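A.B. asks: Could you have a look at this structure, given as structure tokens, before my questions?
All of the numbers you see were taken from the coordinates with simple rules; none came from a lab. All values derive from a computational prediction rather than experimental measurement. Positions of Cβ are generated from backbone atoms using ideal geometry, with glycine treated the same way; all protein chains shown enter the neighbour counts.
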Amino acid sequence: MQEILVNEHNIQDRLDIFLKETLNITRNNASKLIKNYQISINNTIIQKASYELKTNDIVRIAEIQIPQKNEETKLEIEILYEDSDILVINKPINLIVHKAHEHDMQNSVVNWLIQNNIQTSSIGDSYRHGIIHRLDKTTSGAMVIAKNNESHMALKEQLQQRTMGRFYLCMIDNPLKENITIQSNIMRHPKNRLKYINAKSGKEAKSAFYKISSKDNNELICAKLFTGRTHQIRVHLAKINRHIIGDYFYGYKGEYDNRILLHSHTLYLTHPRTSENLRFYAPIPKDMLEYIQRFTDFGGKDENFEEYLYDFMHRFYSGI
């Protein structure tokens, strides 16, 4: 039995969307839990996916048996760059980077590395070999993997010294008034262990957000992280009452529920062997690109969008 206390951030959320985001499962599996009498609220079984949550509702999930993906499923991941020391990929959505524990049967980036006989460093446990940094399951984009221990240690040091980093693109539900930098400590939510909140007693966190293009209540922005806290972009945007499109978990109230429109677009680092400063761009996934073209003032300028965006990111990168 798992128990979750609903707070003010989830007031009026649909039950199926709340379960999808809280349990990190598909909306279809959330609906199955409800239909199978596995969800109760305040000790009453709920079978309406559209039930709207109220403050202090106690949601209980009993006997969770969510179908796991077959670990042998063939994965396709785009390689952006590869040499004998590092591998840079464009991670697709709905794919975890590595297992949470040894019994986790979800597909992962590490599964793909093994399937393709890609050599990685041997630092850490067996299901994190080569992994320098993570992206959330629902986040796509650029990430680097170490192919040997020397590269692993060098890249880890760059990450700690903040000389390696990423720029993210995301669509938000309310345009920024101006470019803004947010410094606000972040900690795990005391009642929902899957969620994070702004709190003075949390760990230091700093993010910068830059306007790119907007239309009506939608805006494409760029986010730069100066620290690497879990859910940092989402938590800091919630602090100023902005939310990533599709991010019901942190307060989005719209109708788009395909996924969270967050993409790691630019990765910069120093090559661990040659000391060359490198920058990689991860093409935007088709679904997110279509949303951007439809709901920003780029409109029909499809053929110029990527060129404009790369130029913007280059100027942004050069200015940090």
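A.B. asks: Once you order the gyration tensor axes a ≥ b ≥ c over the Cα atoms, which shape class does segment 78-161 get: rounded for a/c under 1.5, otherwise prolate or oblate by comparing a/b with b/c? Provide the component values of the computation, followed by the final result.
C.D. replies: Numbers: a/c = 1.42, a/b = 1.28, b/c = 1.11.
Rounded, because the longest to shortest axis ratio a/c is under 1.5.
A.B. asks: Sticking with this structure for a sec: At a Förster radius of 45 Å, what calculated FRET efficiency corresponds to the Cβ-Cβ distance of residue 9 and residue 78, to the nearest 0.05?
C.D. replies: FRET efficiency, residue 9 to residue 78: 0.85.
A.B. asks: So what is Rg over Rh here for segment 165-318, counting just Cα atoms and using Kirkwood for Rh?
C.D. replies: On the way: Rg = 16.0 Å, Rh = 16.3 Å.
Taking Rg over the Kirkwood Rh, I get 0.98.
A.B. asks: Please rank 23, 169, fewest neighbouring Cβ atoms within 10 Å first, as an exposure proxy.
C.D. replies: Details: 23 17, 169 24.
Sorted ascending by nearby Cβ count, the order is 23, 169.
A.B. asks: What pairs from 35/253; 211/286; 32/224; 147/191; 20/99 go past 29 Å between their alpha carbons? If you can, show how the numbers build up before the last one.
C.D. replies: Numbers: 35/253 24 Å; 211/286 21 Å; 32/224 38 Å; 147/191 39 Å; 20/99 19 Å.
Long pairs (Cα-Cα over 29 Å): 32/224; 147/191.
A.B. asks: Okay, next question. Can you tell me the order of 216-223, 82-89 when each peptide is scored by its average per-residue count of other Cβ atoms within 10 angstrom, highest first? Intermediate values should be presented prior to the final figure.
C.D. replies: Details: 216-223: 19.6, 82-89: 17.5.
Packing proxy ranking, top to bottom: 216-223, 82-89.
A.B. asks: Residue 122 versus residue 56, label points 7 Å from Cα toward the beta carbon: distance in nm?
C.D. replies: Going by the 7 Å Cα→Cβ label model, 5.7 nm.
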